[in-house]
Each structure stands twice: as structure tokens, then as C-alpha cells.
Amino acid sequence: MERPYNFEKIESKLQCKWEQEGVFRVSEDSERPRYYVLEMFPYPSGRIHMGHVRNYTIGDVVARYKRMQGFEVLHPMGWDAFGLPAENAAIKHGTHPAKWTYENIDYMRSQLKKLGFSYDWTREIATCHPSYYRWEQLFFLEMYEKGLVYRKLSKVNWCESCSTVLANEQVEDGECWRCGTKVVEKELYGWFFRITAYADELLKGCDKLSGWPDKVLTMQRNWIGRSDGARIIFPVADREGENLTVFTTRPDTLFGVTFVSIAPEHSMVMTLAHGTGQEQAVKDFLAKWTVIPSKERLESKEKEGVWTGAFAVHPLTSEKVPIYVANFVLMEYGTGAVMAVPAHDQRDFEFAQRYGLPIRVVVQPDNIQAEKMTEAWDGPGRLVDSGEFNGIDNEEAKAAIVERLKAKGLGEPTVAYRLRDWGISRQRYWGAPIPIIYCSRCGIVPVPRDQLPVELPLDAQLDASGRSPLPRFEPFYKTTCPKCGGEARRETDTMDTFVESSWYFARYTCPDETSMPLDRKRVEKWLPVNQYIGGVEHAILHLLYSRFFTKVLRDLEWLSVDEPFENLLTQGMVLKEGAKMSKSKGNVVDPDEMIRRYGADTVRLFILFAAPPEKDLEWSDHGIAGCHRFLQKLWRIVTANAEGLRTADTSQSALEQAVLFSTALKALRRKTHQTIAKVTDDIERRMQFNTAISAVMELINEVHGCLGSCSMNAAFLSVMREALDAVLILLSPMVPHITEELWCVMGHAESITKASWPQADATLLDANEVKIAVQVNGRLRGEVTVPKTASQEEVLAAAHKNEAVKRHVEGKVIRKVVYVAGRLLNVVVQ
RNA sequence: GCCGGAGUGGUGGAACUGGUAGACGCGCCGGACUCAAAAUCCGGUGGGGGCAACUCCGUGUCGGUUCGAUUCCGACCUCCGGCACCA
């Protein structure tokens, strides 16, 4: 008879059972087709939050669904375990980052286990372990040999509070992405990954990623920022052999050039000014504009500059135009020098107005006059005042002018990217050491491979300053040069933690491999990841780096795919009272607390039901209670009828017999198969779990209705059992514990995780009779029930008998009749 | 400024290919059971008008295409996200 739904007991019992039986362990040599589902691994910050619960619940639904569909599913979990918070916590609590990290991992693992996620825990990895990061050091060395890693002195984004360099991608609105401190500029030596070497492939690859959201692809394309244009050489007047090369996307406006601007950091600035009498003025200008960090410099939109005293020679007209240093020209983009066309570029226009430089219109849409312009014209037109090119459409003129320049050896087509190389050096302790040695005699010497890993010393002590102890920790930095054997010093910077997360998905395929980073055979079996799931906040950083790394590892012959993630789902945030959950706002809902109160199944169900995955989800205390009620109801329906259900006959013939004399049971069977079709489509094609759940709720409502109206006989039990078997299987990827328990209550001997996904019987999906909506002039007036096979004429005849329809049609002329088979009839009258 | 996305009841959301707007859930209202409460069960629930049958209005705003528009097109408003002196 009925027993209470003791979720706590059921969930812990089944979690133990699954673990003991190794239900989710992946088999390498299974005959089944493979499927790899992955969620972005967490940083072990201490406790999981609702965002994690959402991310991992979605992934678990996919994993369990695919397993029941007959796939061998790889569904691993691990820890992105290096990073700054560990250091901060260690300083604050007087502990060690490693201890803090590993303790957090232990606790968070137990939290994930309590949610019943179907991970293969035997493949767990932690990136802070030498068995992981040693391979990253190997990749670094291989990339170094290929010229994909280099060291340079550069202006870097520096966070004073974290005492470290930040990548461009880690600067948000001029502030540190992690702590919000204002980022300042600093000159430092650092190591760079040559991601720009892959700019074009990364860009073109976007077109092939049909399983990614357009939003993410757009962001990546913009970030890479390809511009097609030309390099044009402007010889410096009266200086033999000195040239200034500019980059432009508008070679068509070449004849409108009235001056040239260069960046304050440009190497030629002082040479140009030398001996012109402008030297002091230029020095003053540089003093003002090179100390101000460029981030701040960009905040002032005011165009400012100074003449260098030098002139450039126009490559086609040989006219002399002045060369200015200008605050708005960026050294990092293009060539750090631009040809200025005030009539057709707003920045040049503003600059020209301020310094009284000429404005020359060369692209004419109709009749614009230089003297009357209030802003630059950057639209299309025909060329004027452009010598032999007059009259040509400006788009066509681009190629023609570049062609002309090329013939003279003064220009060529080229491409510029917004993307910069990836600076990976961090002046931090808790990260993977960069495997490089500095020798006063031999210079930069890579650590020989047989000396890997360069282990991070766990006995180094952090002090309150927060600075890395490595540069002062002799046992680490003091070493001998592998080349000359003399005294040498190790690199004490560590790698950006984004390096670890750029290849972990590949390591999951062979985490036990001790002789090499990746076992090609296994990597090839599993990659690419079929479904990747995570927050949209990683749309650029992590996802672009991972794509880059995949291409690098492919070229280093460690794997053979071009792209790491076939399909990407970016899930929305979990909100409370319209805001992201945060300690400071005090609106955090703790997953542990919810699991204790309602159980893991209820938490999972609510988080899937409250919103479609890619949208933000508003947490609702009432909502989760409602989900719990639904599970209670399911529990009651099954347990209260358990005895009858266990013995019910669900053979094909019994089911066919059962519905012969009952339209209610016939309808229930139809609903069952419609629900199977709907839920399968919602999970497989649409990834809309909220509507999948509502479809099952409808089916349960119908079963519940029948319980109140049908007599409890063998026929009813057969049909009810068919319905409830379907309900349990369809819900099992979402609420695995209660469904497994009830599956057993219904008398199934084997675990529901071994059940195969049901298939809808197509012959049962449609009723013999259909309801047709009847409109008059597009307005709904009535409804008629006709046989499924009824023709338009028959439907129309039925409609004419409908009172409401009659009223609106009577005495009027029928102009037209539109019939949508099986759905709707529209009678147009006048 | 440029590029995306979104705007639907009191509320979270549904309507997938232009075809009955508001599925499912929450909340609320009424009823049954109970001494009472909780739980559960039954019924109602977009707005206006009407005793009622019924009828008019309604998917951010204004237009358009169509027999028919939440869906397509144009203009605009609001919110969110990304990029932003990138030549």
C-alpha cells in the first residue's frame, strides 16, 4: 500500500548503488556509438552554487538521455584548480593554497554526488596536480620550438590588487575582471602564445560551427576583428630611405589625404622631429600622452596632436603632407600610422578642424562641399579630384588604387586583425610553472623534457603582501643551466589558468595516461565533444582559447580534429529577485539547503522547468514547492496502485484489447504516445526541458483524471501501466532517483538506467476525429468535429450547421474559403 | 556609435513551418474533507460590456503584407548582452 516519499533515503540509497555498480563508468571498447557530453568544469571555490546546479543538471539530462538512446557516453568531471582565489584564501586563513583547494574539491565533489549526476568519477582530473600540468609544460616547449611561444617586453595590463598581469580579455571596462580594481599600464617581459597566427583559421572556422549559438559566433568574429585593407608606403620628404607605412581600409580615399598621423609610441616619432625645431613640442606632447595609461587615454575622446616638423610624400601625387603625432592612433593596431582623410573619416575630420588642416572631398555621393561639411562622409560615391580614377565607384576604386600602388612598389593589399597575441605570464604562485631557465651565458634555455615536470614547490610560503613567493624562494628558482651547467635561474612566473582549461576536454579521454599527454587513439575515439554546456560569460575567453589550442595540438600531432566542441549550449544565469545571486546582495539560495528540504530530484526538476536553458532563470520558492508537489503526486499515483500495476499486462495485444470499448482509454493511450514523441523531440532537437516536463505533467493529469472516472479493471491497468512506464522513463534523465525507485515499485527487475528510450507508435498519434476551428473573416466563431479523412466540402458543410457560424454567414456572399487540413477553416464573406 | 537578443495575464513561461494566443506551473478566488488547521481533492481565473446567449478589446508603439500576424516587412520606444578612436 501507500508509503511516504522519503526522498532523502531513496536518493542516498541509489547514489550508493550506482557508484558501487559503476553504472556510469565508460567502456573504451564498447560496440555502441560514442557520445561525449561535457559541462564546463568548476573552479573549486568552496561550495557549488545554483549556476553549477543548472549547468550540470542540463548536462546530466543529455548524458542520461543519450545513454538510454544506446550511446556509450563519456561524461566526466574535474576541477579548474589553479587560480587566484586559492592564494587570497590561503593568506586570509593562514593555510596553503593546495590544502584549501583540495579540501574544497572534496567538499564540492560530495555536493555533486548528492545531486545524482551520472559522472564517470574514475576520470576525475584536477589541473593543479603535476600529473596534469606537466603536459601543459610539454606543450609549451613544443610550441616554443615551433615559434608559437615568444617572450617580449610589452606594455601590459597590470592589476595592483592582484599584483599580476591581465590578458586583454581579462580587462572589463578598464577594470580587473576578478577584483574590479582599476587596471594600470606597466612594461614587463612576458611570454606570449601566437594566437594571431591562427586568426584567419579561427575566423573561418566560425562558419562551420553550425551547432553554436549565433550570438557566440558573432562575439568571436568581432573579437578577431578582421579588416581587409592595404599597406601604403609614404616616403618621408627630404630623408633618403626613410618611409612611413600606414594601414588603411579605405585606399579609395587616397587622394583625399591631407596629412599623416602616427601613434605617440611609434618608433619613428623622435627621428622625424629631429632637427626640425618641433623637437621640444613633440617631447612635451609625448610626456603628456605616453604616461597616461592607454586605457584612460582612450576615455578622452578629444583629438589632440602635434606636428613632428616632418612631411610625407604622397605616393601617387608626390604632394608633401605634414606628419602629426596624434593621441588617437593606436600602436598595437595596423602599423601604428594612418593616412588621414578628413573628408571621409570622422576622427581625421575632427583633428583637421582643430588644427586647421585642409579637407578634401574625393568620394562624392552627390554634391557635398568641403567648406560646408559638419561631419565626415563615410558612405559610398564616385571618385572626384582623384586623377585617373575620377568617376569610378569608390568600392571599385579600392582595388584599382592598390593595384596602381603595387605597380609602383608603394603598397599592397593586406589584412589587419583586432586580435592580439595571448599573454600568459602571471606573477602568481598558484599556477603551472613556465618551463624556462635563464642563464647569464646561454640566455633563455628551455627546460629539457626529461626534467619535466617543473613542480610547483608546495613548501613555499605566501606572505600577507600577496606577491608570489617564487622569485624569493631559492630552492625553486636556483638551478643549473641545462646547456652549460653553470648557475642559472628559473622563470618564476606561472601560466594563466586559462591555459589549463584550453585542453582539459582532451585529457578526459585518457586521464590515466602517464607516459604522454594524450593517447591519440583514445582522443580520436572521443573528440570532438558532441555537446558542450556552460555559461555565456565564456563566449570569448575560454571558448576562443580552446579552439586555438585544439588547432595547435592538431599541428603538434597530438590530436586530429579542427574544432573541440561540435555543439554548444550557453545557459542563462540563475537570478533571485531579478538579480544575479551574490553574497553582497544577500539573495543566495544554497543548493545544500534546497536538497535537504526537497531532495535532489525536486531541485533538478525545478531548475529545468522554470525556464528554457539559454534564458536567465528566476528562482522561486513557490515554484520549487510546486515541483515537489508534482513528484509527490507521481509517487502517490504509482505507489497507491502498485499492486495492480505490477501485474498489469502490457503486451501489444492486451493494450489493443483494452481500448476497444473505451474512448477514455483510447485517448489515454494516444496521449501516452504523443507525450513520448513530444518529450523525445524536446530533448533531442530543441533542448527545451521546460516544455518536455510540462508535456509529462499533462500526461500525469490525464492518468489522474482517468483514476477518478474509470473503473479499476485489467484493461485500465494495462493502459495506465503503459502510461506510467513512459512517464518514468521520460522523466528519468531529469529526476533519476524517484523514477528509478518507482520503476522498481512497478515490478521492473532491472535498473531504469538500463532501460531503452521508448518510441512513439505513429499509428496511435492521431485520433479518428479531429476538431476544426472555424473562422469567419479570420475571427474564430466555432468549432466542428469531423472524421480525420473529411474533405474541405464536408468540413464546410459541417460548419454551416454550426449556430454561431450560421449567424455570421447568413445573408452574406461567400467570397472565399481557406482550409488548413485538420486544423482550421476560414470562411471569407462580404 | 556599431553588432546581437528580448518585450505575451497578477507571475515563471507556452504557442516549433503564418493557422483556435495564454499549454504547464505558481499565485489568487470559491467549494469538498476536518472540531480546526495542514495535506489532498473538485471548480474558477487576460480585460471590458451583458442576467444570459453572446460580444468587443488584447502579445512594447505606429503602419504594411495576408483570408488569417506573437510569428513576415518598415519605422519607432524600452530593456539586456557584446564591441567600441581598430584607421
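Note that the stretch A:715-732 has calculated 3J(HN,Hα) couplings of 4, 4, 4, 4, 5, 5, 5, 4, 5, 6, 4, 5, 4, 5, 5, 4, 8, 4 Hz, one per residue in order, obtained from phi through the Karplus relation 6.51 cos²θ - 1.76 cosθ + 1.60 (θ = phi - 60°); glycine and proline are x.
Taking amide H atoms as placed 1.01 Å from N in the peptide plane, the amide H of A:E242 lies under 5 Å from those of A:V236, each 5 or more residues away in sequence or on another chain.
For chain A, find the longest principal axis of its Cα atoms and tell me its angle to the long axis of helix A:97-114, 0 to 90°, nearest 10. Helix A:97-114 and the main axis of chain A meet at about 30 degrees. Each residue of the stretch A:649-660 was assigned a 3J(HN,Hα) from its phi angle through the Karplus expression (A = 6.51, B = -1.76, C = 1.60, θ = phi - 60°), giving 8, 10, 5, 3, 5, 4, 5, 5, 4, 4, 8, 4 Hz with x at Gly and Pro. Rounded to the nearest 10 square angstrom, A:E487 shows an accessible area of 130 square angstrom against a 1.4 Å probe.
Can you tally the net charge around A:I437? Count Lys and Arg as +1, Asp and Glu as -1, for every other residue whose Cβ sits under 10 Å from the Cβ of A:I437.
For residues surrounding A:I437, the net value is +2.
For A:G309, nonlocal amide neighbours, meaning residues 5 or more places apart or on other chains whose placed amide H falls under 5 Å from its own, are A:I323. A Cβ-based charge dipole, computed about the Cα centre of chain A with Lys and Arg at +1 and Asp and Glu at -1, lands at about 1360 debye.
Between A:T647 and A:E302, the simple label model (points 7 Å from Cα in the Cβ direction) yields a spacing of 9.3 nm.
Here the stretch A:689-785 is treated as a Stokes sphere of Kirkwood radius computed over C-alpha pairs; at 37 °C and 0.692 mPa s its diffusion coefficient rounds to 204 µm²/s. Placing A:V813, A:V402 in order of accessible area, with the largest value first and a 1.4 Å probe, yields A:V813, A:V402. Along the charge dipole of chain A, Cβ charges K/R +1 and D/E -1, which of A:T514, A:G241, A:H800 sits furthest on the positive end? Of the listed residues, the answer is A:H800.
For chain A, the fraction of 1.4 Å probe accessible surface lying on carbon and sulfur atoms is 49 percent. When the Cα atoms of the stretch A:1-97 are aligned to their principal axes, the ranges along those axes come out at 53, 42, 24 Å in descending order.
Keeping all protein chains in place and using 1.4 angstrom, which order do A:S751, A:S709, A:S560 fall into by accessible surface area, from largest down? Please report the intermediate quantities before stating the final value.
Values: A:S751 20, A:S709 90, A:S560 60 Å².
Sorted descending by solvent-accessible area, the residues read A:S709, A:S560, A:S751.
The spread of Cα positions in the stretch A:731-827, taken along each principal axis and listed from longest to shortest, comes to 68, 23, 18 Å.
Dipole orientation for the stretch A:408-485: of the candidates A:G443, A:V454, A:A464, A:G443 has the Cα lying most toward the positive pole (charges on Cβ; Lys, Arg +1; Asp, Glu -1). Taking chymotrypsin sites (Phe, Trp or Tyr not before Pro) across the stretch A:564-634, none is in a DSSP loop with at most 13 further Cβ atoms lying within 10 angstrom of its Cβ.
Taking a point 7 Å from the Cα of A:A773 along the Cα-to-Cβ direction, the residues of the stretch A:795-813 with backbone N closer than 16 Å to it are A:805.
Projecting the Cα atoms of A:G70, A:M40, A:S30 onto the charge dipole of the stretch A:1-70, computed from C-beta unit charges around the Cα centre, puts A:M40 farthest toward the positive end. Can you give the net charge of the other residues whose Cβ lies under 12 Å from the Cβ of A:P787, counting K and R as +1 and D and E as -1? Local charge sum for A:P787: -1. A 28 angstrom limit on the alpha carbon distance is what I want to check against. Which of A:K525/A:K678; A:K303/A:K408; A:K66/A:K114; A:K215/A:K303 exceed it? Over 28 Å apart, Cα to Cα: A:K525/A:K678; A:K303/A:K408; A:K215/A:K303.
Quick one: ranking A:D345, A:D378, A:D616 by accessible area, 1.4 Å probe, largest first, what do you get?
Details: A:D345 35, A:D378 115, A:D616 80 Å².
The residues order as A:D378, A:D616, A:D345, largest area first.
Only Lys, Arg, Asp and Glu carry charge here, each on its Cβ (+1 for the first two, -1 for the last two); on that basis the stretch A:488-542 has a dipole of about 240 debye about its Cα centre. Give me the distance between the Cα centres of the stretch A:428-476 and the stretch A:606-668, rounded to whole Å. A separation of 59 Å, based on Cα centres.
Helical runs (DSSP H, four residues minimum) scored at -39500 (n - 2.57) apiece and divided by the length of chain A put the mean residue ellipticity at 222 nm at -11500 deg cm²/dmol.
Students often check this: by mean Cβ neighbours within 10 Å, which of A:317-323, A:43-49 ranks highest, and how do the rest follow?
Working: A:317-323: 16.3, A:43-49: 18.4.
Going from most to least packed, we get A:43-49, A:317-323.
Scoring A:433-439, A:502-508, A:244-250 by mean Cβ neighbours within 10 Å over their residues and listing the highest first yields A:502-508, A:433-439, A:244-250. Ligands, DNA and RNA excluded, the heavy atoms of A:L458 present near 100 Å² of accessible surface to a 1.4 Å solvent probe. Rounded to the nearest 10 degrees, the inclination of helix A:84-93 to the longest alpha-carbon principal axis of chain A is 80 degrees. Using the Cβ of A:A579 as centre and a radius below 15 Å, the other residues enclosed give a net charge of +1, where K and R count +1 and D and E count -1. Computed over the stretch A:200-261, the convex hull of the alpha-carbon atoms projects to a mean area of 6.4 nm². Remark on A:L568: its backbone amide H falls under 5 Å from those of A:W212, A:Y532, a criterion applied only to residues 5 or more positions apart or on other chains, H modelled at 1.01 Å from N.
Counting other Cβ atoms within 10 Å of each Cβ, which GluC sites (Glu not before Pro) in the stretch A:233-283 have at most 15 and sit in a DSSP loop? Could you put the intermediate results ahead of the total?
Working: sites: A:E240, A:E242, A:E265, A:E279; in loops: A:E240, A:E242, A:E265.
Taking the stretch A:233-283 and a limit of 15 other Cβ atoms within 10 Å, the loop GluC sites (Glu not before Pro) found are A:E240, A:E242.
What is the angle, in °, between the Cα long axis of helix A:600-609 and the longest principal axis of the Cα atoms in chain A? Nearest 10 is fine, range 0 to 90. Tilt relative to chain A: about 70 degrees.
Here the 3J(HN,Hα) profile of the stretch A:700-712, calculated from phi with Karplus coefficients 6.51, -1.76 and 1.60 at θ = phi - 60°, is 4, 4, 6, 4, 4, x, 5, 4, x, 10, 9, 7, 6 Hz, Gly and Pro shown as x.
For the ranges A:765-772, A:107-114, what's the packing order if you count other beta-carbon atoms within 10 Å of each residue, average per peptide, and put the highest first?
A:107-114, A:765-772
In this structure A:K580 has an accessible area near 120 Å², from a 1.4 Å probe over the protein heavy atoms.
Taking the square roots of five times each eigenvalue of the Cα gyration tensor of chain A, the equivalent ellipsoid has semi-axes of 61, 42, 22 Å, listed largest first. Take the Cα of A:E28, step 7 Å toward its Cβ, do the same at A:C484, and the gap between the two points is 4.6 nm.
The values are calculated or read from the model by the stated rules, or taken from the named source; none is laboratory data. Just so it is clear, the model here is predicted, and its values are computed rather than measured. Cβ: placed from backbone, ideal geometry, glycine included. Neighbour counts: every protein chain shown. Heavy atoms of the whole protein, side chains included, go into the accessibility calculation; ligands, DNA and RNA do not. Shrake-Rupley method; radii C 1.70, N 1.55, O 1.52, S 1.80 Å.
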